[in-house]
């Protein structure tokens with residue numbers, strides 16, 4: 001499950017710990033509950049895949065890592081989150097055509113539209129989503145859906161005004 005990055009960096013608010021299986025962030029109290037379900041779902045999803053695509057359940061954090069996380073040491077939590085996120089990323093399956101990685105259960109859906117010769121666009125390359133897309137760096141920098149919607153409208157208005165100015169001979 002590629003969610004782009006480990007659980008948010010430590011600041012104010014609840015401590016988020018990254019699940020070593022799926023890579024999502026959870027509060028310290030709900031992580032154990034989540035991981036029981038996540039393990040079961042992982043096994044079920046792996047059973048649906050052809051044998052050559054199956055991956056083993058990743059190794060859980062060591063007792064030492066768990067003790068550091070439970071101590072509340074923010075540096076230890078961030079290090080453990082990074083390690084858990086990397087473990088979760090290793091479970092992703094690459095597309096044989098474009099090289100993008102997907103959760104193994106999502107790869108067959110991607111393969112319906114991806115053909116040999118397709119190349120993955122470099123990170124940061126323009127997409128159909130443009131600057132208004134939630135994962136666009138400008139949106140992430142501002143943070144939040146409301147700001148991203150406003151930015152999207154601003155970009156769209158600028159593009160339309162540029163287009164209108166060009167279509168009437170530049171007068172305006």
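Computed quantities for the displayed model
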read-out: Residue that is surrounded by the most Cβ atoms within 10 Å (Cβ to Cβ) [pool: residues in segment 43-53 that are in contact (Cβ under 8 Å) with a residue 24 or more places away in the chain and closer than 20 Å to residue 89 by Cβ]; value: 46
read-out: Single condition residue 86 does not satisfy, out of (1) surrounded by 17 or more Cβ atoms within 10 Å (Cβ to Cβ); (2) within 27 Å of residue 118 (Cα to Cα); (3) assigned by TED's automatic domain parsing to the domain that holds residue 41; value: (1)
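Residue by residue, here is whether (1) assigned to a helix (DSSP H, G or I); (2) touching a helix residue (DSSP H, G or I) at 6+ places or on another chain (Cβ under 7 Å) holds:
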position: 26; (1), (2): no, yes
position: 30; (1), (2): yes, no
position: 37; (1), (2): yes, no
position: 42; (1), (2): yes, no
position: 58; (1), (2): no, yes
position: 65; (1), (2): yes, yes
position: 68; (1), (2): yes, yes
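The values are calculated or read from the model by the stated rules, or taken from the named source; none is laboratory data. Keep in mind that this is a model prediction, so the values were computed, not measured. Note that we place each Cβ from the backbone using ideal geometry, even for glycine, and neighbour counts take in every protein chain shown.
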